Amino acid sequence: MIEKLWFLIPEIILFIGVCVVSIMGLSHHRTWRSAVPGATIVFLIAAALATPFLYTPEKMEAAELLMPRVGWYFKVIVGFVSVLLALMCIGLIDRRYEAEVKAGRASFDPMRVNRGEFFIFFLLSVMGVNLICSANDLIWLFLALELVSLPTYVMVAMSRPSRKAQEAAVKYFFLGAMATGVFLYGFALLYGSTGTIVLTEMRDVFAAQVAEEGGVNLLGIVGMIVSLLGVAYKIAAAPMHFYVADVYEGAASAVSAFLAFVPKAAGFLGMILLLGTMGWAGHAGEGSTGLPMPIVTTLWMIAAITMTLGNVGALLQTSVKRMLAYSSVAHSGYMVIGLIAGPGLGINGVLFYLTAYGIMNTAAFAVLAGLERKKAEIETVDDLAGLRFKHPSMAIVMAISAASLLGVPPLLGFMGKLYIFVGGVETGHIPLVIIAGLNSAISAGYYLYLIGLPILSQPSPQAETITTGEARWPRLAGVIGAVLIIVLPVFTNYLYDATERSTEGYLDEQARQIGATDADEPDEPPDPALATRE
Amino acid sequence: MMTADSLHLTMATLEPFSSLELGHFILTSAILFAIGIIGFLTRRNMIVMFLCTELMFQAAAIAMIAFGRFHMDLSGQVFVIFILTVAAAESALALALVVLLFRRKETLNAEAWTELRE
């Protein structure tokens, strides 16, 4: 138990950040207010850097968690990608009001500033993801998933002072509340099936059900499917993906990038934990049947439908933001293959891919956030035409991130896809991997457009009026992202080893657990006989 | 488990309710959940839509309590307290957002908002 408190220190650091930022955001001095994003970034980095020191092997050994080590990897990665996201949000909130205050046209009124609140919500949402890492019961998982989502609804509404953002926020919120209701009902059924809300105990109960009745009982299967469908909202997967394009279009680009990474990371981690209570075939001991067939079928369909709808949807778009939104749906589809494949290449691949996707997607959105036309965001594909003449660095960032999203070999996105696809093939889901391959081919249709348009074509008349945004930080985030896309593949092995180490304890524990029930099985039949004889 | 036993006794003494078992409660919660999700998908008034999501939350809460009683385990009831808390927080947020929209256009009809389209 005490280890769990140690693991909470990064979250505590982030919470101190929340308090500090909320006070700074209301300060009368403009310098304090403008230091809010900087303070946010400092606390994000502090939490990420503290993590490796807190997750010592002895503590991870002693912690009673389903995946004791996952936080060691996850908190660091989410922390550093969030730094890029926070850089993109600089200069986004209160820009007009702060300019008025600076020019002396308006006096400072604490009721009118939102910057502090925006970054509080930012930190709280990241804190939610960190909390999921140490979730060991359904209550904790539910609260952490909600802590990730609730702040994002407000962030969308605040992100820009337009009607579109408010409509997007309401849409996102209502569908999100519905999805929460769905996975909550799934949790209730899982509790009904097992009689416990603790994930590690649930795993034992499911293992016992498999050993005694030859399979997980119906209530458990239905509960798991309903929970997965609800959590699918967070990762923007098939039955729950319909909000994505509208919400990403309505929110400011920086917030769209946030929505594409933070809730997705939370959703995938939640799904890994939930599926981990049932275990995968081959990895969970000799005689285990792995995930029950209906659940594999559900995930299979989610994966196939999600990536197809995402890629076909993206082909039809003329707005870059909607295109990237659909591409976010498609990437979720690829990652679900990793969930089906299970521990080893599958789950490690998902963790790896989340990092890769976070970086390349952030870089792509940073281009949109870093440029503007008459104080408005650029949105359509035509705006990007011939970008290299006026903004060569942004054109290159766009091309690199689109190439990486497509999965061009030496780049980061390719490495991520490789692990997941190989994981799928290894576990015998070859048709699904073929569908994914075909989808990658479809996605070339729009990614090549995004690569070619800024670099090769001539600027359109409307592209001439594009200027760089006031703040240079979003563009810096884009450049950092592009550099990481090129440099990180060199360190792929190290990063993959890190994902492997973060799932290690989980695998061993699972195998040991099921192995033990298998060993008990032959001894069991004589026991009732003895009992009846007595 | 003292309370659970006494609850059982009261149940037994009340003749008409003595045949209540887990299935009835789960059926109730399933019906509530179905009403919630169908209402959410068919109604267009934003307040009613939000009430439908609340109905789904309460369906989950009823199922939690029923299963908790069935397994003689208190964690289901603990979960319900958290569900209620989050539902309250969510309704505060929902009303804030709805008021925000209502100030722009004086209607609660979700279909009046169509700026985000393909």
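The values are calculated or read from the model by the stated rules, or taken from the named source; none is laboratory data. Quick caveat: nothing in here was measured; it's all calculated off a predicted structure. Using ideal geometry, Cβ is built from the backbone for each residue, glycine included, and neighbour counts are taken over all protein chains shown. These accessible areas exclude ligands, DNA and RNA; they are computed on the full protein's heavy atoms, side chains included. Shrake-Rupley method; radii C 1.70, N 1.55, O 1.52, S 1.80 Å.
A few points about this structure:
- HN-Hα J in Hz across region A:114-131 - Karplus 6.51, -1.76, 1.60, θ = phi - 60°, x for Gly and Pro: 10, 4, x, 4, 4, 6, 4, 5, 4, 5, 5, 5, 5, 4, x, 4, 4, 5
- A 1.4 Å probe over all protein chains sorts B:L95, A:L147, A:L14 by accessible area into B:L95, A:L147, A:L14, starting with the largest.
- Percent accessible area from carbon and sulfur atoms, region B:17-109, protein chains only, probe 1.4 Å: 73 percent
- Residues of region B:86-113 buried by at least 40 Å² of accessible area upon assembly of all protein chains, compared with the chain on its own (1.4 Å probe): B:V86, B:E90, B:L93, B:L97, B:L100, B:L101, B:R104, B:W113.
- Sequence-distant residues sharing a close amide H with A:D137 (under 5 Å, placed H): A:L199
- Residue list for region A:75-93, given a label point 7 angstrom along the Cα-to-Cβ vector of A:R501 and an amide N cut-off under 12 Å: none
- Across region A:292-298, computed HN-Hα scalar couplings (Karplus, 6.51 cos²θ - 1.76 cosθ + 1.60, θ = phi - 60°) run x, 3, x, 6, 4, 4, 4 Hz from first to last residue, x flagging Gly and Pro.
- If you sort the three axes of the alpha carbon gyration tensor as a ≥ b ≥ c, you get a/c of 1.5 or more for chain A and a/b above b/c, which makes it prolate.
- Only protein heavy atoms count here; on that basis, with a 1.4 Å probe, B:T42 has an accessible area of about 90 Å².
- The peptide list A:308-318, A:473-483, put in order of mean Cβ contacts within 10 Å with the highest first, becomes A:473-483, A:308-318.
- Chain A, relative contact order in percent, only Cα pairs under 8 angstrom and at least six apart counted: 16 percent
- Counting Cβ atoms of other protein chains within 10 Å of each Cβ in B:54-63 and taking the mean gives 5.
- Comparing each chain alone with all protein chains together (probe 1.4 Å, DNA, RNA and ligands left out), the residues of region A:165-187 losing at least 20 Å² of accessible area are A:Q166, A:E167, A:V170, A:F173, A:F174, A:A177, A:M178, A:G181, A:V182, A:L184, A:Y185.
- Cα gyration tensor, region A:128-185 - rounded (a/c under 1.5), prolate or oblate: oblate
- With contributions of -39500 (n - 2.57) from each DSSP H run of at least four residues, the per-residue ellipticity at 222 nm computed over chain A stands at -25000 deg cm²/dmol.
- Solvent-accessible area of A:C133, all protein chains in place: 10 Å² (probe radius 1.4 Å, heavy atoms, ligands and nucleic acids excluded).
- Note, ³J(HN,Hα) from phi for region A:176-192, Karplus 6.51, -1.76, 1.60, rounded to Hz, x at Gly and Pro: x, 5, 4, 4, 4, x, 5, 6, 5, 5, x, 4, 4, 5, 4, 5, x
- Between region A:1-55 and region B:40-118, the Cα center-to-center distance that results, in Å: 31 Å
- Protection proxy ranking, highest mean first, for peptides B:104-116, A:373-385, A:61-73: A:61-73, A:373-385, B:104-116, where packing is the per-residue count of other beta-carbon atoms within 10 Å, averaged.
- Solvent-accessible surface of region B:17-109, taken per residue with a 1.4 Å probe and all protein chains present: 51 Å².
- Prolate/oblate/rounded call for region B:17-109, Cα gyration tensor, a/c under 1.5 rounded: oblate
- Accessible area (Å², 1.4 Å probe, nearest 10) - A:H29: 110 Å²
- Cα centroid separation, region A:400-449 to region A:311-325 (Å): 18 Å
- Taking amide H positions as modeled 1.01 Å from N, with prolines and chain starts lacking one, the residues under 5 Å from A:L371 and 5 or more places away or on another chain are A:G469.
- Across A:K171/A:K321; A:K4/A:K75; A:K171/A:K374; A:K321/A:K417; A:K164/B:K105; A:K264/A:K417, pairs whose alpha-carbon gap is larger than 19 Å: A:K171/A:K374; A:K321/A:K417
- Size of the B/A contact, given as accessible area buried on both chains, probe 1.4 Å, in Å²: 3800 Å²
- Distance (nanometres) between label positions extended 7 Å along Cα→Cβ at B:I31 and A:R472: 6.7 nm
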